[in-house]
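Q: Sending over a structure as structure tokens; questions will come in a sec.
The values are calculated or read from the model by the stated rules, or taken from the named source; none is laboratory data. The model shown is predicted, which means the values in this text are computed figures rather than measured ones. Here the Cβ positions follow ideal geometry from the backbone for every residue, glycine too, while neighbour counts run over all protein chains shown. Just so you know, the surface numbers come from the protein's heavy atoms only, side chains and all, with ligands and any DNA or RNA stripped out. Shrake-Rupley method; radii C 1.70, N 1.55, O 1.52, S 1.80 Å.
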Amino acid sequence: MCGTCHTTQLSQLVDVQTIPADGTSLTLTTTGGSLLVAGNKSFNLTTQPNPATSVQDVFAQGQDITSSIRGGNLAGEIQLRDREIPSIASSLDTLASGVANAVNTQNTAGFDLNGNQGANIFVPPAGVPGAALNLAVAISDPNLVAASADGTAGNNANATALANLQDQNIVSGRSPIGYYSGIVFQVGNGASNASAALSSEQLLIQQLQNQQNAVSGVSLDEEAANLVQFQNAYSAASRVAAIIASLFQTTINMIGG
Amino acid sequence: MTLRVNPNIVPDLLSGINGLKQQLNTADLELASGRSINSPSDNPSGIAALVLNHAAQSSTDTFQRNIGNLQSTLQIADSALNSAVGVINQAISLGVEAGNSSLSSGDRQAIAQQLLGIQQQLLSIANTKSGGTYLFAGTLVETQPFTLNAASASGVTYNGNAAVTQVEIENGQSVNINVPGDRLFLNPAGSLLGSIQQLITAVQTNTGIPAASDALGQASSQFDTQRSFYGATLNQLQSTGTFLSSQKLQLASQESNIDAADISQVVTTFSQAQIAYTALLQAEGKVLSLPTLLNFLQ
């Protein structure tokens with residue numbers, strides 16, 4: 001096995017820095033300084049649920065290092081989980097609570113088919129966070145939609161007002177559809193930037209690997225040439241030894257004669 | 001010393017193959033769907049425009065549905081009111097007939113009976129229902145608008161209201177969709193049901209028949225004026241419907257400008273990638289099976 005393969009594999013998972021310990025061993029840490037390998041000992045990373053956010057945090061020897069992990073798959077997953085997705089989820093929450101509150105307010109202003117003051121159509125969101133997850137329709141009887149503005153069954157002014165909410169700036173100062181198209185843009189743009197970054201990083205990795213292999217890769221031609229060279233040297237040395245042996249033999253024979 | 005060449009060419013070869021495969025896949029997807037945007041990341045600003053375009057298309061669809069529903073309701077109202085015209089004309093000629101002094105009292109009673117029948121017919125027209133709601137009750141659409149009431153001068157009581165409903169048929173444009181029943185049948189400028197009741201009483205008592213006939217004639221022309229609203233509104237719906245259809249076409253063409261795949265270009269890309277892919281595989285097959293120096297050492 002190659003000596004750097006494991007470091008390479010590890011550095012795909014987290015950001016690793018190597019510190020030569022003495023001539024023969026390396027100490028591996030994260031760039032944040034948490035010890036991963038020292039001499040012949042390794043230190044596991046562990047996870048524990050965070051009581052505040054109820055997601056798993058990463059620990060190194062009892063220390064929460066979630067926010068200090070800067071590279072590798074792990075950092076990518078953490079960034080996706082803690083920043084990208086929450087940002088989109090919070091936009092969806094804003095959209096859901098804006099629409100639910102505006103529809104509820106408008107429906108409460110009208111009268112339903114039974115002639116009663118309208119009530120909430122959506123279960124009122126407790127707050128912006130979680131509004132999209134918990135969005136639910138509060139009524140099951142269509143007669144409770146307050147279409148009428150004056151209580152008569154044929155009046156539709158409040159229904160028209162409900163429909164017109166679509167063009168009003170009820171979500172963070174924008175219309176619901178305008179706000180939603182912004183979310184779609186945000187997601188699409190994020191994905192497109194990520195894949196552009198991915199292909200450029202892949203090119204970079206390929207270049208570096210090429211350079212690495214140009215120095216340390218095994219070339220069959222090179223090894224075969226060396227083999228022939230060493231074989232020839234070996235034969236030559238053997239010839240020298242054989243000649244010396246025969247010289248000795250001649251000398252000994254002379255003494256014997 | 002020459003530069004040492006990377007002896008391990010496999011990663012380079014694979015990445016070349018992958019790159020071409022990806023091009024083939026993208027082109028294939030565009031050809032299969034006919035769209036250049038198959039996920040938001042393909043064109044983020046395009047997809048945002050598409051979301052708005054689809055919203056505009058679906059609100060146009062809703063306006064078109066509104067118009068369709070209104071057209072059928074208004075047609076029912078219009079034809080009900082049209083059928084009233086024949087009945088009114090019949091009443092007018094009965095009034096003229098009753099004015100003939102040579103008639104016996106029995107003849108007049110018979111005419112009065114016919115007029116009572118006409119009153120009933122007009123009443124049932126005034127109480128026309130469509131889709132479970134009364135058409136001529138203002139906005140009190142669940143209440144039968146007209147009931148007989150002998151104590152009233154017009155012979156009926158109006159239980160509806162004078163409200164007019166408006167429906168949006170295009171962005172920012174609404175139309176009135178009803179004439180309240182009292183304005184149609186009990187108009188102060190010529191009350192249709194009132195003048196029928198007046199004529200019935202006149203014929204029954206044989207007093208003031210010409211005056212009652214005149215009043216009916218006037219009420220009839222007032223009724224025509226009021227009911228013309230329905231024809232005019234139907235025309236307006238028709239022309240707005242035509243406008244919406246053309247608007248929808250425009251939105252659809254805008255949509256395809258944003259995301260339709262340029263087929264000829266995609267086909268070219270596809271076949272270029274295909275040729276490159278085949279050539280690459282052939283070349284790489286050869287490169288990978290090239291002998292090394294070892295093959296020649298015996």
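Q: Within the set of pairs 6+ apart or on separate chains, which have a first residue in segment A:45-60 that is open to solvent by 70 Å² or more (accessible area, probe 1.4 Å), a second that is charged (D, E, K, R), and C-beta atoms under 7 Å apart?
A: Sorted first by the residue in segment A:45-60, then by its partner, the pairs are A:47/A:57; A:48/A:57.
Q: Quick check on this structure: which one of B:223, B:229 is farther than 18 Å from residue B:171 by Cβ and either open to solvent by 80 Å² or more (accessible area, probe 1.4 Å) or free of Cβ contacts under 8 Å to residues at least 60 places away in the same chain (or both)?
A: Numbers: B:223 fails: either open to solvent by 80 Å² or more (accessible area, probe 1.4 Å) or free of Cβ contacts under 8 Å to residues at least 60 places away in the same chain (or both).
Of the residues listed, the single one that is farther than 18 Å from residue B:171 by Cβ and either open to solvent by 80 Å² or more (accessible area, probe 1.4 Å) or free of Cβ contacts under 8 Å to residues at least 60 places away in the same chain (or both) is B:229.
Q: A follow-up question, please. Scan segment B:170-182 for residues that are assigned to a strand (DSSP E or B) and open to solvent by 60 Å² or more (accessible area, probe 1.4 Å) and report the count. It would help to see each step written out before you state the result.
A: In the first step, residues of segment B:170-182 are kept if they are assigned to a strand (DSSP E or B); the result is B:170, B:173-176.
Next, only the ones that are open to solvent by 60 Å² or more (accessible area, probe 1.4 Å) stay: B:176.
Going through segment B:170-182 one residue at a time, the tally reaches 1.
Q: For segment B:240-298, how many residues meet the condition of being in contact (Cβ under 8 Å) with a residue 12 or more places away in the chain and of a type in the set (Ser, Thr, Tyr)? Let's see the steps before the verdict.
A: Residues of segment B:240-298 that are in contact (Cβ under 8 Å) with a residue 12 or more places away in the chain, as a first pass: B:240-241, B:243-245, B:247-248, B:251-252, B:254-255, B:258-263, B:266-267, B:269-270, B:273-274, B:276-277, B:280-281, B:284, B:287-288.
Still in the list and also of a type in the set (Ser, Thr, Tyr): B:240, B:245, B:269, B:277.
Qualifying residue count, segment B:240-298: 4.
Q: Would you check if residue A:224 is out of contact with any Lys or Arg (no Cβ under 7 Å at 6 or more places or on another chain) and either in contact (Cβ under 8 Å) with a residue 40 or more places away in the chain or away from chain B (no Cβ under 12 Å) (or both)?
A: Working: out of contact with any Lys or Arg (no Cβ under 7 Å at 6 or more places or on another chain): yes; either in contact (Cβ under 8 Å) with a residue 40 or more places away in the chain or away from chain B (no Cβ under 12 Å) (or both): no.
No: the conditions fail for residue A:224.
Q: Can I ask one more? Do we have any residue at all in segment A:211-223 that's of a type in the set (S, T, N, Q) and either modelled with pLDDT of 95 or more or more than 42 Å from the chain's Cα centre (by Cα) (or both)?
A: Step one: of segment A:211-223, the residues of a type in the set (S, T, N, Q) are A:211-213, A:216, A:219.
Filter once more, keeping what is either modelled with pLDDT of 95 or more or more than 42 Å from the chain's Cα centre (by Cα) (or both): none.
The answer is no, given that none of the residues of segment A:211-223 is of a type in the set (S, T, N, Q) and either modelled with pLDDT of 95 or more or more than 42 Å from the chain's Cα centre (by Cα) (or both).
Q: Then there is this: Is segment B:35-51 home to any residue that is more than 14 Å from chain A (Cβ to nearest Cβ), in a helix (DSSP H, G or I) and not β-branched (Val, Ile, Thr)?
A: Looking through segment B:35-51, none of the residues is more than 14 Å from chain A (Cβ to nearest Cβ), in a helix (DSSP H, G or I) and not β-branched (Val, Ile, Thr).
Q: What are the residues in segment B:112-169 that are closer than 30 Å to residue B:245 by Cβ and in a strand (DSSP E or B), if any?
A: Residues satisfying the conditions are B:130, B:133, B:166, B:167, B:168, B:169.
Q: Being more than 12 Å from chain B (Cβ to nearest Cβ), surrounded by 16 or more Cβ atoms within 10 Å (Cβ to Cβ), over 35 Å from the mean Cα position of the chain (by Cα) and within 30 Å of residue B:138 (Cα to Cα): is that true of residue A:162 here? Spell out the reasoning first.
A: On the way: more than 12 Å from chain B (Cβ to nearest Cβ): no; surrounded by 16 or more Cβ atoms within 10 Å (Cβ to Cβ): yes; over 35 Å from the mean Cα position of the chain (by Cα): yes; within 30 Å of residue B:138 (Cα to Cα): yes.
In short, no.
Q: For residue B:77, work out the one condition from (1) more than 14 Å from every other protein chain (Cβ to nearest Cβ); (2) surrounded by 19 or more Cβ atoms within 10 Å (Cβ to Cβ); (3) touching a Leu at 6+ places or on another chain (Cβ under 9 Å) it doesn't fulfil.
A: (1)
Q: Counting residues that are in contact with a Pro (Cβ under 8 Å, 6 or more places away or on another chain), which strands (runs of 3 or more DSSP E) fully inside segment A:1-104 reach at least 1?
A: On the way: elements: A:16-20, A:26-30, A:35-38, A:45-49, A:56-60.
Once the strands (runs of 3 or more DSSP E) in segment A:1-104 are filtered for at least 1 residues that are in contact with a Pro (Cβ under 8 Å, 6 or more places away or on another chain), what remains is A:26-30, A:56-60.
Q: Only residues that are surrounded by 14 or more Cβ atoms within 10 Å (Cβ to Cβ) and of a type in the set (S, T, N, Q): list them for segment B:237-255, please.
A: Once the filter is applied, which keeps residues that are surrounded by 14 or more Cβ atoms within 10 Å (Cβ to Cβ) and of a type in the set (S, T, N, Q), segment B:237-255 yields B:240, B:247, B:254.
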